[in-house]
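Here is the structure we will look at.
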Amino acid sequence: MQIGVDYSLDYWNENNWEADALKMAKTGVKTVRLTDISWTMLEPLDNQFNFEWLDKLISLFSSNGISVILSTPTSYPPLWLYQKCPYIVQTDKYGNSRQIGEKGNRCINSDVFIGYVKRFLEAYAEKYAPHPNVAAWQIDDKIEAYPCTCDNCKDAFKSWLSEKYETLGNINMAFENPYAYTDWNQISPPNTVINPTLELEYKRFICDCIENFVKMQLNIIRKYNAKARITVNTYVGDNAPDYYKMKGNLNVSLFESYPIKKV
């Protein structure tokens, strides 16, 4: 069994890296998870990558007999990306955009966002997927099936329903709609009106979107290292995706448990 730790670089000063690595080695730490929140550090400006600091850190851990798990920091887009493309944020069921700065606040059905993710991961994986001291990869960070209701998700949901049900008549029969759909443009994601079937189908749709999002990242990493060990850090929450479907593409199961603090 190997002991590992998480090392969130936004919280630790570079001046402490060498001392921290030495302490880890002395206490028996064999692997360290990095970069789960570090997209801004790795791409501080649009299409300008900075990998020098990570090269230094991986080398430092390697010299102390410690391997690394690299995370894809796609749950924390840089502020420059939000500034350039404010429409990539998620929309809640009331039609309001979520606040910039919240974890995971990005629409994974936005072609624009996915384009930036692919560009980043191509550069990131090409450099580090073959690295001998990279033991594994973690995709995203506690990935959620958040029920975004933006126009991107609305259009994708209609396409998903069309593929599953083929006709509006089949949808009306399955949903037992009191107000039958007569036009595809009448279909919207769940809002404040309670419709259990619509909500269930939207949950399934979002879970499929999450699976595709993870698979897209996995394929880019394996493009540069077919034997890369890949996981996601799962947890139990209101917006948990379908981990059973997702894990068919992964090597390792990982679960994060956060102790409940009693006040």
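The values are calculated or read from the model by the stated rules, or taken from the named source; none is laboratory data. This structure is a prediction, so every number in the text was calculated from the model and none was measured. Note that we place each Cβ from the backbone using ideal geometry, even for glycine, and neighbour counts take in every protein chain shown. Surface accessibility is based on the protein's heavy atoms, side chains included, excluding ligands, DNA and RNA. Shrake-Rupley method; radii C 1.70, N 1.55, O 1.52, S 1.80 Å.
For segment 147-158, name all the residues that are open to solvent by 50 Å² or more (accessible area, probe 1.4 Å) and not in a helix (DSSP H, G or I).
PRO147
Just to be sure I understand, how many residues within segment 106-133 are surrounded by fewer than 20 Cβ atoms within 10 Å (Cβ to Cβ) and closer than 30 Å to GLY4 by Cα?
10
Anything in segment 135-162 that is more than 17 Å from SER188 (Cα to Cα) and basic (Lys, Arg)? List them, or say none.
Residue satisfying the conditions is LYS142 alone.
For (1) out of contact with any Ser or Thr (no Cβ under 8 Å at 6 or more places or on another chain); (2) open to solvent by 40 Å² or more (accessible area, probe 1.4 Å); (3) within 26 Å of LEU218 (Cα to Cα), each residue gets a yes or a no:
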residue: TRP137; (1), (2), (3): no, no, yes
residue: ASP141; (1), (2), (3): no, no, yes
residue: TRP160; (1), (2), (3): yes, yes, yes
residue: GLU166; (1), (2), (3): yes, yes, no
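Whether any residue in segment 15-27 is open to solvent by less than 50 Å² (accessible area, probe 1.4 Å), part of a helix (DSSP H, G or I), over 22 Å from ILE143 (Cβ atoms) and acidic (Asp, Glu) is what I want to check.
Within segment 15-27 (the criterion being open to solvent by less than 50 Å² (accessible area, probe 1.4 Å), part of a helix (DSSP H, G or I), over 22 Å from ILE143 (Cβ atoms) and acidic (Asp, Glu)), the answer is yes, since at least one residue qualifies.
Given the options ALA226, ALA180, name the one that is modelled with pLDDT of 95 or more, out of contact with any Phe, Trp or Tyr (no Cβ under 8 Å at 6 or more places or on another chain) and outside any helix (DSSP H, G or I).
From the options ALA226, ALA180, the qualifying one is ALA226.
Kindly provide the set of residues from segment 31-48 that are surrounded by 16 or more Cβ atoms within 10 Å (Cβ to Cβ) and more than 20 Å from the chain's Cα centre (by Cα), ordered by number.
Selection gives THR31 alone.
Looking only at segment 69-105, which residues are assigned to a loop (DSSP other than H, G, I, E, B), open to solvent by 30 Å² or more (accessible area, probe 1.4 Å) and out of contact with any helix residue (DSSP H, G or I) (no Cβ under 9 Å at 6 or more places or on another chain)?
The answer is ASP92, LYS93, TYR94, GLY95, ASN96, ARG98, GLN99, GLU102, LYS103.
For segment 187-210, indicate whether the set of residues that are farther than 27 Å from THR231 by Cβ, touching a strand residue (DSSP E or B) at 6+ places or on another chain (Cβ under 7 Å) and either among the hydrophobic types (A, V, I, L, M, F, W, C) or crowded, with 16+ Cβ neighbours inside 10 Å (or both) is non-empty.
The answer is no, given that none of the residues of segment 187-210 is farther than 27 Å from THR231 by Cβ, touching a strand residue (DSSP E or B) at 6+ places or on another chain (Cβ under 7 Å) and either among the hydrophobic types (A, V, I, L, M, F, W, C) or crowded, with 16+ Cβ neighbours inside 10 Å (or both).
Considering segment 213-238 alone, what residues qualify as being exposed (fewer than 15 other Cβ atoms within 10 Å of the Cβ) and among the polar types (S, T, N, Q)?
ASN219
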